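Read-outs throughout are calculated quantities, based only on the coordinates presented, and are distinct from any laboratory measurement. Predicted, not measured: the structure shown is a model, and the values here were computed from it. Positions of Cβ are generated from backbone atoms using ideal geometry, with glycine treated the same way; all protein chains shown enter the neighbour counts.
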Amino acid sequence: MNNYWNTHWDNRYSTDEYVFGKEPNQFFKKEVAKIAPGRILLPGEGEGRNAIYAAGLGWAVDAFDFSSEGKRKAEKLAAESKVNINYSISDFAEYMPRENYYDAVGIFYLHIEEELRSRLFGRLIKSLKPSGKIIFECFEKEQIGYSSGGPSEESLLYSLEDVVNEFIDLDFEKFSKEKIYLNEGSGHVGEGIVVQFVGSRK
């Protein structure tokens with residue numbers, strides 16, 4: 001990622017407030033409850049809300065992002081919650097997860113350039129064990145007309161076709177475009193248009 005995004009997210013996360021709250025993403029909370037705890041990878045984990053929740057359920061959690069401020073706040077939240085997470089700082093272009101290792105990967109509101117996204121998602125899929133699951137929720141392209149969060153550039157949002165193309169090698173278990181009400185800190189508030197997906201590695 002370029003220095004602009006590093007600086008942008010470090011500045012955004014530098015306050016005492018948890019921008020997207022301390023509670024887990026609701027779709028993640030619902031779907032991870034269906035899986036026996038094992039090893040989970042959370043890319044672009046920001047301030048750690050999903051990592052801390054998963055660790056509290058008994059998951060062994062690896063998380064990464066490029067924001068040192070995000071890591072600082074995630075580790076602070078982990079200490080408050082008395083759980084352990086393994087959080088690393090890594091550029092999305094360079095991160096190489098261990099293959100055939102994770103029981104689940106959670107991807108939430110990870111909005112990056114298409115070429116970089118495809119390379120990263122290919123690695124994330126390879127990091128899954130057979131039958132391991134991807135749990136995914138991100139803003140759909142229609143989100144551009146809503147004020148509840150997300151990037152202002154449509155190219156960074158997802159179409160249903162984008163999601164199919166990224167995860168075509170998985171067995172689809174859930175795949176839908178939804179209008180939901182977001183209440184995640186001050187960063188995601190109000191109605192939004194998202195894509196929700198769950199798929200497992202063949």
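The coefficient of translational diffusion for the stretch 101-150, derived via Stokes-Einstein from the alpha carbon Kirkwood radius under 10 °C and 1.306 mPa s, stands at 130 µm²/s.
Magnitude of the charge dipole for the chain, about its Cα centre and with charges confined to Cβ atoms of Lys, Arg (+1) and Asp, Glu (-1), is about 840 debye. Taking other Cβ atoms within 10 Å as a rough exposure proxy, L182, L160, L42, L128 sort from fewest to most as L160, L182, L128, L42. Computed as a quarter of the hull surface, the mean projected area of the alpha carbon convex hull for the stretch 3-201 stands at 9.8 nm².
Cα-based values for the stretch 149-202, radius of gyration first and Dmax second, are 12.9, 38 Å. When each of H188, H8 is scored by the number of other beta-carbon atoms lying within 10 Å, the sequence from fewest to most is H8, H188. Of the candidates K82, K133, K177, which one comes out as most mobile in a Gaussian network treatment of the chain with C-alpha springs shorter than 10 Å? The residue that fluctuates most here is K82. Reducing the stretch 46-80 and the stretch 157-202 to their Cα centroids gives an inter-centroid distance of 22 Å.
If we count GluC sites (Glu not before Pro) as exposed when they sit in a DSSP loop and have at most 11 other beta carbons within 10 Å, what is the longest stretch of the chain that avoids them all? For GluC sites (Glu not before Pro) (loop position, at most 11 other Cβ atoms within 10 Å), the longest site-free span of the chain is 1-93. Considering helices alone, the calculated mean residue ellipticity of the chain at 222 nm is -9000 deg cm²/dmol, with DSSP H runs of length four and up weighted by -39500 (n - 2.57) and normalised per residue. Below 8 Å between Cα atoms, with a sequence gap of 6+, how large is the relative contact order for the stretch 3-201 in percent? The value is 20 percent.
Decide, for the stretch 52-110, between rounded, prolate and oblate: order the square roots of the alpha carbon gyration tensor eigenvalues as a ≥ b ≥ c, take rounded if a/c falls under 1.5, and otherwise choose prolate if a/b is larger than b/c, else oblate. Cα axes put the stretch 52-110 in the oblate bin.
If you plug the beta carbon distance of K30 and D10 into 1/(1 + (r/R0)^6) with R0 = 22 Å, you get a FRET efficiency near 0.10. In summary, the convex hull built on the alpha carbon positions of the stretch 1-51 has an orientation-averaged projected area of 4.4 nm². Considering only G132, G190, G70, the Gaussian network model of the chain with Cα springs below 10 Å gives its largest mean-square fluctuation to G190. The mean of 1/r over all pairs of different alpha-carbon atoms in the stretch 1-89, once inverted, gives a Kirkwood hydrodynamic radius of 13.1 Å.
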